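What follows is a structure written as structure tokens; I'll ask about it next.
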Amino acid sequence: MSAKSAEPTGVVDVVLVKGGRTKIRYPAGLLSDDGVRIAVRAPWAGDGVRDFGFVRFEAGDVFTEFYWRDRWYSVKEVRAPSGALKGWYCDIARPAVRSGAELVVEDLDLDLWRSADGTDVRRLDEDEFEESGLARRDPRAAAAALAALDELEALARTEGGLESLLA
């Protein structure tokens, strides 16, 4: 475990691993690390525009991302360049590991979206999760992932639920 810090302390590389390979790596400003929860902020790191149909991620969007060393998910608050809240994109992932200036997160395919106004809460990529074979290879991890998705969905459907994780 890295040193605890409540003050911003520079930049970390967020490394998203999926299926044993690095899916994406990007620099993010470290906002805090209390030994359990790590918060970073970064501009949209994808190539071009990613249009999901219910939200678009594009250049200028700002992601404030929260990772936990003891939870099977991360929560990303997404804001437009104007500062307007678009919503929260949540990844189901193994607990985060920070080693120095690197934050590694293993994506487990399941995701959840909650719009800024709370009217749109949707589970995503359940088919990819099934196809991944995790339930067969690592039943305990698969059960933890599904429980994490259920927990996040319940929070997303409760007024102030997701926000309470980030305060």
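The values are calculated or read from the model by the stated rules, or taken from the named source; none is laboratory data. Only a predicted model underlies this, so the values are computations on that prediction, with no experimental measurement involved. Quick reminder, even Gly has a Cβ in these numbers, built from the backbone with ideal geometry, and neighbours come from all protein chains shown. All accessible areas refer to the heavy atoms of the entire protein, side chains included, with ligands and DNA or RNA removed. Shrake-Rupley method; radii C 1.70, N 1.55, O 1.52, S 1.80 Å.
Listed here are the residues, each with its yes/no results for (1) open to solvent by less than 30 Å² (accessible area, probe 1.4 Å); (2) touching a Cys at 6+ places or on another chain (Cβ under 9 Å); (3) outside any helix (DSSP H, G or I).
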residue	(1), (2), (3)
Phe129	yes, no, no
Arg140	no, no, no
Ala143	no, no, no
Leu152	yes, yes, no
Glu159	no, no, yes
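A follow-up question, please. In region 36-51, which residues are at pLDDT below 95, assigned to a loop (DSSP other than H, G, I, E, B) and loosely packed, with under 15 Cβ neighbours inside 10 Å?
If the condition is that a residue be at pLDDT below 95, assigned to a loop (DSSP other than H, G, I, E, B) and loosely packed, with under 15 Cβ neighbours inside 10 Å, then Gly46, Asp47, Gly48, Val49 are the ones that fit.
Check region 3-13 and report whether any residue there is under 24 Å from Val121 (Cβ atoms), open to solvent by less than 40 Å² (accessible area, probe 1.4 Å), touching a strand residue (DSSP E or B) at 6+ places or on another chain (Cβ under 6 Å) and in a strand (DSSP E or B).
Within region 3-13 (the criterion being under 24 Å from Val121 (Cβ atoms), open to solvent by less than 40 Å² (accessible area, probe 1.4 Å), touching a strand residue (DSSP E or B) at 6+ places or on another chain (Cβ under 6 Å) and in a strand (DSSP E or B)), the answer is no, since none of the residues qualifies.
State all residues of region 70-127 that are within 17 Å of Asp150 (Cβ to Cβ), assigned to a strand (DSSP E or B) and open to solvent by 60 Å² or more (accessible area, probe 1.4 Å); if no residue qualifies, say none.
Arg122, Arg123, listed by residue number.
Could you list, in sequence order, the residues of region 32-85 that are of a type in the set (Asp, Glu) and under 11 Å from the mean Cα position of the chain (by Cα)? Give the steps one after another, and end with the answer.
Keep residues of region 32-85 that are of a type in the set (Asp, Glu), which gives 33-34, 47, 51, 58, 61, 65, 70, 77.
Glu65, Glu77 - these are the residues of region 32-85 that are of a type in the set (Asp, Glu) and under 11 Å from the mean Cα position of the chain (by Cα).
Yes/no per residue for (1) within 18 Å of Glu77 (Cβ to Cβ); (2) out of contact with any Gly (no Cβ under 9 Å at 6 or more places or on another chain):
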| position | (1), (2) |
| --- | --- |
| Val121 | yes, yes |
| Arg136 | no, yes |
| Ala147 | no, yes |
| Glu151 | yes, yes |
| Glu159 | yes, no |
